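K.L.:
Below are the structure tokens for one structure; questions will follow.
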Amino acid sequence: MKKVSKYLSIIIIGCLSILFNSCNSSKDMPIAIGVLTPLTGDGANYGRSTKEGIDLAVEEINSENYLDKPLKIIYEDDKISPTDGVSAINKIISVDKVPLIIGPFGSSVTLAVAPIANKNKVIIIGASATADNIKDAGDYVFRITPPNSKQGRDVATFCIDKLKTKRAAIIYQNNDYGVTLKSAFENNFKHLGGEITISEGVDLGIKDLKTQILKIKGGHPDVVFFPLHIAESGILLKQSKELGLNAKFISCDGAMVDDLLNVAGDAAEGTYYTSLALGYGVSDSLINKFIESFKMKYKKEPDVYAAYYYEVTKIVAYSIKNAGYKADSIKKFLYSIQGMLSYKGITGITNFDSNGEVDKSFSIYVVDNGKFELFK
């Protein structure tokens, strides 16, 4: 009987040990979320900024033990390509089984993966895809940046009211991002009494814009609106200076990164950009804390996309803390982020409407002495 009792005690102790270790293991199990962003290819510069912002946010979240478990990021390279984006989201959903994905970076990729996210009830929440039709991409699709219709309208108003221009040329990226910005600017510029002298679309990866620039120059515009990505923006500015195109130049946050300044050099001086991120020339404790933390970690200034993706990661953590780790609970909470539950961050106040959209104000920046500065 004593032997039986002894063996029974050993079994009970063993079971308790397994249970204890299991609980500890569960407590230490990381909370995993996915990220779709271009880590290679034409959009790799964007992907680097995206990753820097996310990694800084995760470092802060985990150091504070904000979620009681470590937050883990699973990165997938979408190469800013709809085809690669579809492959990437299928892998994250089927293999990693996350309830939420940050991204994708680009509008075309977002529109390609949205049906897959909705079908599998996985949330995608972006910080840079701004094509207007994302509004109708489904209940599981959110973004923390306003649509291009607002950004294009704000650029047109600035050109008419502040720059006092009347004749505008447009050279745009031939994708969802560029086309929707072009349309919004064109419609609003004409509505305000301006004239569009020419509108030219160019493909991603083009290396020479001299033909388009000469066409633009022939129309004698006061201002050139260029919703292009980094490389194409840099080529446009450099070659416009070489060919003597004398006009004001204005673009959006798609080009407002230091890599543009490296490509364009002094040809970027005096050019204008719109952005949500208030990281340049604005006094705000949240913004200042972000900038200092970023500079300490990376030994450089953050660009707008580092700021955008830092912000969206913090919003994701805020949602998981309040709603748990299931997609439907997170989705329900995201739709409730308004009013008393509004999220105040470095890009302003985030309130989601019934389409997962936000309404925020854009600021205007100008390149002054090789730096992006708030236009006053």
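The values are calculated or read from the model by the stated rules, or taken from the named source; none is laboratory data. Just so we're clear, the structure is a prediction, and the values are computed from it rather than from any experiment. Backbone-built Cβ (ideal geometry, glycine too); neighbour counts: all protein chains shown.
K.L.:
Could you figure out which of (1) closer than 20 Å to residue 346 by Cβ; (2) at pLDDT below 95; (3) not in a helix (DSSP H, G or I); (4) not acidic (Asp, Glu) isn't true of residue 80?
P.N.:
Evaluating residue 80 over (1) closer than 20 Å to residue 346 by Cβ; (2) at pLDDT below 95; (3) not in a helix (DSSP H, G or I); (4) not acidic (Asp, Glu) leaves (1) as the failure.
So that you can scan it fast, the table gives a plain yes or no per residue for (1) outside the structural domain of residue 205 (by TED's automatic domain parsing); (2) surrounded by 23 or more Cβ atoms within 10 Å (Cβ to Cβ); (3) of a type outside the set (Asp, Glu); (4) over 20 Å from residue 29 (Cβ atoms):
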site	(1), (2), (3), (4)
65	yes, no, yes, no
69	yes, no, yes, no
74	yes, no, yes, no
84	yes, no, no, yes
104	yes, yes, yes, yes
107	yes, yes, yes, yes
111	yes, no, yes, yes
118	yes, no, yes, yes
125	yes, yes, yes, yes
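Every residue, every condition in (1) surrounded by 17 or more Cβ atoms within 10 Å (Cβ to Cβ); (2) at positive phi; (3) at pLDDT 95 or above, yes or no:
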residue: 132; (1), (2), (3): yes, no, no
residue: 139; (1), (2), (3): no, no, yes
residue: 156; (1), (2), (3): yes, no, yes
residue: 182; (1), (2), (3): yes, no, yes
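K.L.:
With respect to residue 346, determine if the residue is touching a Ser or Thr at 6+ places or on another chain (Cβ under 7 Å) and in contact (Cβ under 8 Å) with a residue 12 or more places away in the chain.
P.N.:
Criteria not met by residue 346.
K.L.:
Quick one: which residue in 300, 314, 332 is surrounded by fewer than 16 Cβ atoms within 10 Å (Cβ to Cβ) and at pLDDT 95 or above?
P.N.:
332
K.L.:
Then there's this: Of all residues in the range 165-207, which are in contact (Cβ under 8 Å) with a residue 40 or more places away in the chain, of a type in the set (D, E, K, R) and over 24 Å from residue 359 (Cβ atoms)?
P.N.:
166, 167
K.L.:
Taking the condition of a type in the set (Val, Ile, Thr), over 17 Å from the mean Cα position of the chain (by Cα) and in a loop (DSSP other than H, G, I, E, B), does residue 337 pass?
P.N.:
In short, yes.
K.L.:
Take the conditions in the same structural domain as residue 153 (by TED's automatic domain parsing), hydrophobic (A, V, I, L, M, F, W, C) and surrounded by fewer than 15 Cβ atoms within 10 Å (Cβ to Cβ) and apply them to residue 209. Does it pass?
P.N.:
no
K.L.:
Residues of the range 32-57 being of a type in the set (A, V, I, L, M, F, W, C), modelled with pLDDT of 95 or more and either buried (at least 21 other Cβ atoms within 10 Å of the Cβ) or under 15 Å from the mean Cα position of the chain (by Cα) (or both), which ones?
P.N.:
The answer is 33, 35, 36, 39, 54, 56, 57.
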